[in-house]
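Note sheet for the following structure.
The values are calculated or read from the model by the stated rules, or taken from the named source; none is laboratory data. Keep in mind that this is a model prediction, so the values were computed, not measured. Cβ atoms come from the backbone with ideal geometry, glycine included; neighbour counts cover every protein chain shown.
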Amino acid sequence: MGFGKLALAAAAYKAAAEELEHSPEPQPQAPATSSSARRPLLPQASGSGISTTGNGYGATHSRHYSPEALRRTNSAESGYGFGNGNGAVLDDEAVESLLDEAGLFVGNYRTYVLLYAFVPLACIVFLALLAPIPAYLHTPAPSSPFPFPELLLGAALWSLAYVLAPPLYTLFSLLPLPPALSTSLAASTHAVLRNALRVAALPILELSQPMGGHTTYRSAAFAHVWAFAMGCGAADACAGVWQGYSQLALYRDVMVSPEEARRVVGAWLRGRARSSAHHQHQPHHNQQQHGYQHTQSTSTSTSPEHGHGHSHPRPLRVNSTGALARTELEHDLDALVSLKAREDLEELYGVHIVGIPVFVTCVLRVASLALLLGFTLVMSAAWLSSPYASASTAFSRQSSSSRQMVLLPHTESVGPFWVTFVVVCVAHGALATVHAPPLLRRVGAHAAAYVGLVLGLGALFAGLGMWDVLA
């Protein structure tokens, strides 16, 4: 949901709250005295948890409702053996189709959360297997405080690139370009930014150029670069796992267990049938207040206490109704925000998040880590083999009071470094474009995961080869 929609929603909430607090008399309808008698802020059909007829202001599609609203409806009439209104029993496929129409999903949220635990486990195992490689290769260990500065620098630069992603995409969305082109340009630019930050970390670490200009795992520079890559990988894994759990939490209120699926669909079908019959017998009943529908028939005529239709202020009743309305409004706003987030994710992936197998998610996370480590090794090897490394080392060794401009050696070329940088940025930008809309929806999460894994493993082995690990 954009900033403008949130601002309008907040303004509407404030106006509604002030109107309820300062209103001298209750609404013409019978005031709510309990949670079951109050009018819902989202439209509901009479005797049902879902409305399919309200099209006025405030009316929403049936996908806006949670299973709790359906479970509370007609619980006494619901059963596991029901028909579709004509006596025919629905099969499992029809039940899932009807639930999907209502915005609900068959499954157990707790089970999905437990299965998703394999994703952080896969990240931990992958990083744990790669972390001791310098020790296994007997790489000279740098002096203390290694490896903490490298780990912190890697996590900090990765976090900086992660934070700059949203404003970068917003900036490109303002350009007069087609949405697909602006998204691709933003993804490619962000890929260049991430690789530039990795290269910028090498002078900060003050890595010395190896003897002969050839990088090897026998130098202490390999341990520094490896620790820096581990810091980036740890930050990437933490952010990816947290984002996955956040996306999964959006489906917590719209998941129905297989045991309750038939009962929920039965309640929905019966409520929809009663709503249709109700509007057929009362064609003028659709002229309700801004599309809202009453949950029960309440008398709006005057009572003996309020003869001739005049009512007297009842502050306690109004305050109670205002508190209930504010609570209901906050709940509805949260539900709408979650609905918008789910729709955005489904628009990105082309399928529901809960419909993506956990194995594919694990492959996506491992591919991201392999790609990050591989590109870091490739870029660091190209940097340390270029004259930029020797110039940076000479500049860092000068005292702060006598630092002068250091010229690059004329006998060495910077061409190989820039060729490597361009190749890495093109490969990274192409993969980032595949993972961005609308290509990800067309390609599919499965294909994107496997392509990323192949490219990530290729980059990882290429980086290890440039450091003579595979020699």
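Couple of notes before you dig in:
- Of all residues making up the stretch 180-201, the number that are touching a Ser or Thr at 6+ places or on another chain (Cβ under 6 Å), touching a residue at least 60 places away in the same chain (Cβ under 8 Å) and not charged (D, E, K, R): 2
- The combined condition, being among the basic types (Lys, Arg) and modelled with pLDDT of 85 or more, is fulfilled by Arg365.
- Count - residues of the stretch 222-249 that are in contact with a helix residue (DSSP H, G or I) (Cβ under 6 Å, 6 or more places away or on another chain), over 17 Å from Ala117 (Cα atoms) and among the aliphatic types (A, V, I, L, M): 5
- Here Ser390, Ser401, Ser385, Ser413 are screened, and the one residue that is modelled with pLDDT of 80 or more, over 26 Å from the mean Cα position of the chain (by Cα) and polar (S, T, N, Q) is Ser385.
- Only one of the numbered conditions (1) within 26 Å of the chain's Cα centre (by Cα); (2) in contact (Cβ under 8 Å) with a residue 40 or more places away in the chain is violated by Leu177, and that is (2).
- Out of Leu121, Leu168, Leu129, Leu153, one residue alone is free of Cβ contacts under 8 Å to residues at least 24 places away in the same chain, surrounded by 12 or more Cβ atoms within 10 Å (Cβ to Cβ) and either in a helix (DSSP H, G or I) or touching a strand residue (DSSP E or B) at 6+ places or on another chain (Cβ under 7 Å) (or both). It is Leu121.
Rundown of residues vs (1) among the charged types (D, E, K, R); (2) surrounded by fewer than 19 Cβ atoms within 10 Å (Cβ to Cβ); (3) in contact with a Cys (Cβ under 9 Å, 6 or more places away or on another chain), yes/no style:
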| site | (1), (2), (3) |
| --- | --- |
| Leu336 | no, yes, no |
| Leu339 | no, no, no |
| Glu347 | yes, yes, no |
| Val351 | no, yes, no |
| Gly355 | no, yes, no |
| Val358 | no, yes, no |
| Leu364 | no, no, no |
| Leu371 | no, no, no |
| Thr376 | no, no, yes |
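- Among residues of the stretch 213-241 that are touching a residue at least 40 places away in the same chain (Cβ under 8 Å) and closer than 14 Å to Gly463 by Cα, those with a beta-carbon under 6 Å from a residue that is aromatic (Phe, Trp, Tyr) and surrounded by 24 or more Cβ atoms within 10 Å (Cβ to Cβ) at least six positions away or on a different chain give the pairs Thr215/Trp467; Tyr217/Trp467; Phe222/Trp467.
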